[in-house]
Amino acid sequence: MNAQRTPLVAGNWKMHGSLEANAALLAEVVKGAAVFGRGQVAVCVPFPYLAQAQSLLAATPISWGSQNVSQHTHGAYTGEVSCAMLKDFGCRYAIVGHSERRALYSEDDALIAAKTAAALAAGLTPIVCVGESLAERESGVTAEVVRRQLAAVIDVVGASGVAKSVIAYEPVWAIGTGKTASPAQAQEVHALIRAQVAQTDAGVAQGVRILYGGSVKGSNARELFAQSDIDGGLIGGAALVAQDFLAICAAAN
Ligand code: 13P
């Protein structure tokens, strides 16, 4: 954490939830999150539940968003959801380039850069995910992989685009595995990310929020968020349990 930057904890619900379960979860989160400032807590829900999130969260300090966007504005793209549609449902954030999209849906760096640009053009704040696989970490190419993923986005949206984005470092080997990057391991990559942004614009690098994601829990969040370049978290499994999510939010504030 650095006092210059407002912390953010965003839940990524992935493909979980139901109208009933979401209502119960959000009621508890809303109650517990009253102490946090506007823009510091968010939930990224499946598309069909955006209207529910909007109606339950509109009068609260909690923001909401999507887990993916289309790079296109409209047209014959069956099954896709445009950024303008997300704006219609009051989304503030959109996760872009999550490792599950990269690995399971073959999203490459160029597509993720295009999605980031589309989100920015619509006035959404993209949460751009980067991170290495276990094989990449073990072969010592973490810095190179993260640099390549981020460079593709910076090349397209520039420093001004990065200034309006959030970056999330999510080592693939730490997602849903219970294996968290150590605070030092995470900080090392976060510092590299900030240094890479600084090569384009030092001021933007100071201001951009870089979240850590990968098995963040109430028990390890405080230590992670204490690192100087970690500005909050992108939370998977623990975001589905109100008390766990709130404990992580408390650790960031
Ligand atoms: P877990 O917190 O379940 O490891 O998931 C992290 C993640 O992928 C958030 O986007």
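The values are calculated or read from the model by the stated rules, or taken from the named source; none is laboratory data. On a predicted model such as this, the values are computed, not experimentally measured, just so you know. As a convention, Cβ positions derive from the backbone with ideal geometry for all residues, glycine included, and neighbour counts pool all protein chains shown. Quick note on the areas: whole protein, heavy atoms, side chains included, nothing else; ligands and nucleic acids left out. Shrake-Rupley method; radii C 1.70, N 1.55, O 1.52, S 1.80 Å.
If amide hydrogens are placed 1.01 Å from N in the peptide plane, which non-local residues have theirs closer than 5 Å to the one on residue 64?
Under 5 Å from the amide H of residue 64: 43, 92, 93.
Would you mind working out the magnitude of the charge dipole of region 64-199 relative to its Cα centre, with +1 at each Lys and Arg C-beta and -1 at each Asp and Glu C-beta, to the nearest 20 Debye?
360 debye
Using a cut-off of under 11 Å, list every residue of region 73-110 whose amide N is near the label point 7 Å from the Cα of residue 47 along the Cα-to-beta-carbon line.
Once the point is set 7 Å along Cα→Cβ of residue 47, 77-83, 85-86 turn out to lie under 11 Å by backbone N, inside region 73-110.
Measuring with a 1.4 Å probe in the full set of protein chains, what accessible area per residue, in whole Å², belongs to region 166-231?
That works out to 37 Å² per residue.
In debye, nearest 20: dipole of region 76-142 around its Cα centre with unit charges on the Cβ of K, R (+) and D, E (-)?
Computed about the Cα centre, the dipole is about 300 debye.
Modelling each spin label as a point 7 Å along the Cα-to-Cβ direction, I'd like the residue 73/residue 34 distance in nm, to one decimal.
Label at residue 73, label at residue 34, 4.3 nm between them.
Order the peptides 91-98, 66-73, 26-33 from the highest to the lowest mean number of other Cβ atoms within 10 Å of their residues.
Top to bottom by mean Cβ count within 10 Å: 91-98, 66-73, 26-33.
For region 117-253, what relative contact order do you get, as a whole percent, if you take Cα pairs closer than 8 Å and at least 6 residues apart?
Taking the mean separation of contacting Cα pairs over the length of region 117-253, I get 23 percent.
For region 234-243, just list the computed ³J(HN,Hα) in residue order, Karplus coefficients 6.51, -1.76 and 1.60, θ = phi - 60°, integers in Hz, with x standing in for Gly and Pro.
Running phi through 6.51 cos²θ - 1.76 cosθ + 1.60 with θ = phi - 60° gives 10, 10, x, x, 5, 6, 8, 10, 3, 5 Hz.
Under the Karplus relation 6.51 cos²θ - 1.76 cosθ + 1.60, θ = phi - 60°, what is the ordered set of whole-Hz ³J(HN,Hα) values for region 84-91, x standing for Gly and Pro?
5, 4, 5, 4, 4, 9, x, 4
Given only helices, namely DSSP H runs of n ≥ 4 each adding -39500 (n - 2.57), what is the per-residue ellipticity at 222 nm of the chain, to the nearest 500 deg cm²/dmol?
-14000 deg cm²/dmol
5 Å is the cut-off here: which amide hydrogens, built 1.01 Å from N in the peptide plane, fall below it relative to residue 96, excluding neighbours closer than 5 in sequence?
HN-HN under 5 Å from residue 96: 127, 128, 129.
When ligands, DNA and RNA are left out and all protein chains stay put, how many square angstrom of accessible area per residue does region 17-118 have with a 1.4 Å probe?
With all protein chains present, region 17-118 gives 47 Å² per residue.
Return the lysines within reach of residue 87: Cα separation strictly under 18 angstrom, same-chain partners fewer than 8 residues apart disregarded; answer none if there are no such residues.
115, 164
Tell me, in nm to one decimal, what length is gained between residue 2 and residue 151 on full extension, where the rule is 0.36 nm per residue of separation less the Cα-Cα distance?
Once the chain is fully extended between residue 2 and residue 151, it gains 51.2 nm.
Over all directions, how big on average is the projection of the convex hull of the alpha-carbon atoms in the chain, in square nanometres?
Spelled out: convex hull of the Cα atoms, projected over all directions, averaged, 12.2 nm².
Keeping the other protein chains in place, figure out the carbon and sulfur percent of the accessible area of region 45-158, with a 1.4 Å probe.
Carbon and sulfur: 56 percent of the exposed surface of region 45-158.
Let me have the relative contact order for the chain, percent, based on Cα pairs under 8 Å that are six or more residues apart.
The value is 23 percent.
Under the √(5λ) rule applied to the eigenvalues of the Cα gyration tensor, what semi-axes describe the equivalent ellipsoid of region 4-82? Give them in Å, descending.
25, 16, 10
Give me the net charge of residue 248's neighbourhood, meaning all other residues with Cβ under 10 Å from the Cβ of residue 248; Lys, Arg count +1, Asp, Glu -1.
Once positives and negatives cancel, what remains is +1.
Could you rank the peptides 48-57, 120-129 by their average count of other C-beta atoms within 10 Å per residue, with the highest value first?
120-129, 48-57
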